[in-house]
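Reading through the structure tokens given below for one structure.
What follows is calculated from the coordinates using simple rules that are stated; it is not laboratory data. All values derive from a computational prediction rather than experimental measurement. Here Cβ is always computed from backbone atoms with ideal geometry, including for glycine, and neighbour counts include all displayed protein chains.
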Ligand code: XMP
């Protein structure tokens, strides 16, 4: 386990030394990794760092407001409203890898605009050890900000947490007094709710996914999962009132894991599952069915796409 007492000052010193009098940017996703990296870097170099949060419209309920509040103390924080541009780019795309690619590309365009504006020389990233291992194995094309260095000619990349595991990052977040909502947060993928929607991403599916994820996170908090999520996986017949409907099928998934590389589906009691089912179908007129995913990783992945 990392010794946070020495890690924090050493990481700050390393960032200060690398960036010097220049400017840096970091993409803030709201996840524990980028939030911790941003807080470390901001402590080190203050407003020489511009944290950039791109609101892709693929975020969870209340997430943008949460970011605004939590990082309000950083004067240089930029929040970019790119919701419509992302939906436009995603329109008509059904292939999972194409989706990730489209999101990654648009993200780079948004981020690049700010990076050029503030004349950033350095890119700070919240990369952690398992990210490096997974991208070496290329299990999936991971959208962090991997493509950025190819687009912008940064003088350097700063990755203060490159050797840490997730639980160590949480330790560091606590040491930096990041609010619990950040330090204890479940991992959330860069492409957001888009990987929890099978097929084309539409405003309607996004709204179902957003509400269902909110219910699942609330109801399963007591199980302390590594990740608990809901995905819109297709359509099926159901009855609502007196009518047969062709409604959305929502899959609920809750897993235990140490680093996301393998995972075990959690055993959830029937009453909790029924409560989730009744809230999701009750709150969303267009959902006809809720299923629980019992598959471990492997053979399944944690996310659906
Ligand atoms: P999978 O679905 O591959 O996910 O079992 C393993 C872990 O990685 C997260 N994940 C991502 N994180 N960009 C990210 O930053 C991505 O494209 C991405 N895809 C999956 C996933 O939520 C889980 O924690």
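Worth pointing out:
- Packing around the peptides 25-37, 263-275, taken as the average count of other Cβ atoms within 10 Å per residue, puts them in this order, highest first: 25-37, 263-275.
- Estimated at 0.36 nm per residue, the fully extended path between residue 94 and residue 285 surpasses their Cα-Cα distance by 66.3 nm.
- Overall, the anisotropy analysis places the stretch 4-183 in the rounded class: the square-rooted eigenvalues a ≥ b ≥ c of its C-alpha gyration tensor yield a/c less than 1.5.
- Each residue, residue 223 and residue 69, gets one label point 7 Å from its Cα in the Cβ direction; the gap between the two is 2.6 nm.
- When shorter helices are ignored and each DSSP H run of at least 4 residues is given -39500 (n - 2.57), the per-residue value for the chain at 222 nm works out to -13000 deg cm²/dmol.
- Alpha-carbon Debye profile of the stretch 11-73, log10 I(q)/I(0) at 0.12, 0.23 Å⁻¹: -0.31, -0.92
- Paramagnetic label zone (point 7 Å from Cα along Cα-to-C-beta, residue 174; backbone N under 18 Å) in the stretch 37-79: 37, 40
- Length released on extending from residue 80 to residue 203, taking residue separation times 0.36 nm less the Cα-Cα span: 42.4 nm
- Order of 246, 214, 296 - criterion: other Cβ atoms within 10 Å of each residue's Cβ, fewest first: 246, 296, 214
- Note on the chain: with a GNM built from Cα contacts shorter than 10 Å, the maximum mean-square fluctuation among 242, 47, 72 falls on 242.
- Inter-centroid distance (Cα atoms) of the stretch 102-127 relative to the stretch 266-305, Å: 35
- Share of pairwise Cα-Cα distances greater than 27 Å in the chain is 43 percent (whole percent).
- Compared with the direct C-alpha span, the chain from residue 113 to residue 272 gains 52.7 nm at full extension, assuming 0.36 nm per residue.
- Between residue 133 and residue 240, the modelled labels are 4.4 nm apart [label points 7 Å from Cα along Cα→Cβ].
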